[in-house]
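*Asks:* Input: one structure, supplied below.
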Amino acid sequence: AGQYLEDRSDEAAIFTSQQASIEALYEREGFEGTRVDVRGIPVAGKQVRVEIDIDPGRRRAIRELKLKLDEPPPENGCPRFGLVELEQRLGLRPGEAITPRTMKKAQRDMQDFLWSRGVADPRVRLSFDPKEERLLAEIAHRRCHRIQLWLPSEEARGSWEPAALADYTSLLTFHESGAFDWEEAEISRANLAANLRGRGYVNARVTMEH
């Protein structure tokens, strides 16, 4: 490629900047080993013809995506995840370019998704094998946030007892949105308070602990 440069005063700085910008562009698209040569050829007067040679190198792309899931047994009470659902949430597909930036974003998005579903300790590790062009996603967790509902005891004044959560499930928004976060918890808290007041507990207050 070629273009003309009118002012040669900052020629070296301009060439270096152009080279760095082009290399960064190719890197974002998944290329590695890109070589860029920017040089100036004097022409009439102060004009310089700028020539840019680009050897793009090799494009790193995903040929195969493999996902490993290590989750606790069902009796732990944690939500169950399907591999297809997790692959979709990862946001990386075979045939797409793979870069450190896209891997970091996919890892962060997966952790955010698991947190939103109540997972307390999501561990997500991504590794790419350039020889096999295989992306391995390893996902593990052991603990989850669990909802417990306590109400004042009707028999022992001043004490608390666990309530049957099934009686109040319809008031909790988690099962509708699939999210477990502070905003959803606040909506559920307000729903519970309104329900108790409607049942005659005029001084009902609902607080959250986490």
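The values are calculated or read from the model by the stated rules, or taken from the named source; none is laboratory data. As the structure is a prediction and not an experimental result, all values here were calculated from the model. Quick reminder, even Gly has a Cβ in these numbers, built from the backbone with ideal geometry, and neighbours come from all protein chains shown. Note: accessible area is taken over every heavy atom of the protein model, side chains too, but ligands, DNA and RNA are not part of it. Shrake-Rupley method; radii C 1.70, N 1.55, O 1.52, S 1.80 Å.
*Asks:* Note down all Cβ pairs under 7 Å where the first residue falls in region 121-134 and is closer than 12 Å to LYS68 by Cα, the second is modelled with pLDDT under 95 and part of a loop (DSSP other than H, G, I, E, B), and they're at least six residues apart or on different chains.
*Replies:* Filtered contacts from region 121-134: ARG123/HIS141.
*Asks:* Another question, if that's okay. Test ARG93 against the criterion of being more than 25 Å from GLU184 (Cβ to Cβ), assigned to a loop (DSSP other than H, G, I, E, B) and either without any contact (Cβ under 8 Å) to a residue 40 or more places away in the chain or open to solvent by 60 Å² or more (accessible area, probe 1.4 Å) (or both), and give yes or no.
*Replies:* Working: more than 25 Å from GLU184 (Cβ to Cβ): yes; assigned to a loop (DSSP other than H, G, I, E, B): yes; either without any contact (Cβ under 8 Å) to a residue 40 or more places away in the chain or open to solvent by 60 Å² or more (accessible area, probe 1.4 Å) (or both): yes.
So ARG93 fits the description; yes.
*Asks:* Just checking, does region 49-59 include any residue being open to solvent by 70 Å² or more (accessible area, probe 1.4 Å) and under 30 Å from SER116 (Cα atoms)?
*Replies:* no
*Asks:* Also, I was wondering about something else. Can you spot a residue in region 171-179 that is open to solvent by less than 60 Å² (accessible area, probe 1.4 Å), modelled with pLDDT of 85 or more and within 30 Å of GLU96 (Cα to Cα)?
*Replies:* no
*Asks:* Hey, can you tell me all the residues within region 100-119 that are in contact with a strand residue (DSSP E or B) (Cβ under 6 Å, 6 or more places away or on another chain) and open to solvent by less than 50 Å² (accessible area, probe 1.4 Å)? So that I can check it myself, show each step before the final result.
*Replies:* Taking region 100-119 and keeping what is in contact with a strand residue (DSSP E or B) (Cβ under 6 Å, 6 or more places away or on another chain), we get 103, 107, 110-111, 118-119.
Matches in region 100-119: MET103, MET110, GLN111, GLY118, VAL119.
*Asks:* Can you tell me which residue in region 1-36 is modelled with the highest pLDDT, limited to those that are acidic (Asp, Glu) and surrounded by 12 or more Cβ atoms within 10 Å (Cβ to Cβ)? If you could, list the steps in order and put the result at the bottom.
*Replies:* Here is the first cut: in region 1-36, the ones acidic (Asp, Glu) are 6-7, 10-11, 23, 27, 29, 32.
Imposing the further condition that a residue be surrounded by 12 or more Cβ atoms within 10 Å (Cβ to Cβ) reduces the set to 11, 23, 27, 29, 32.
Values: GLU11: 75, GLU23: 88, GLU27: 83, GLU29: 81, GLU32: 81.
Out of the qualifying residues, it is GLU23.
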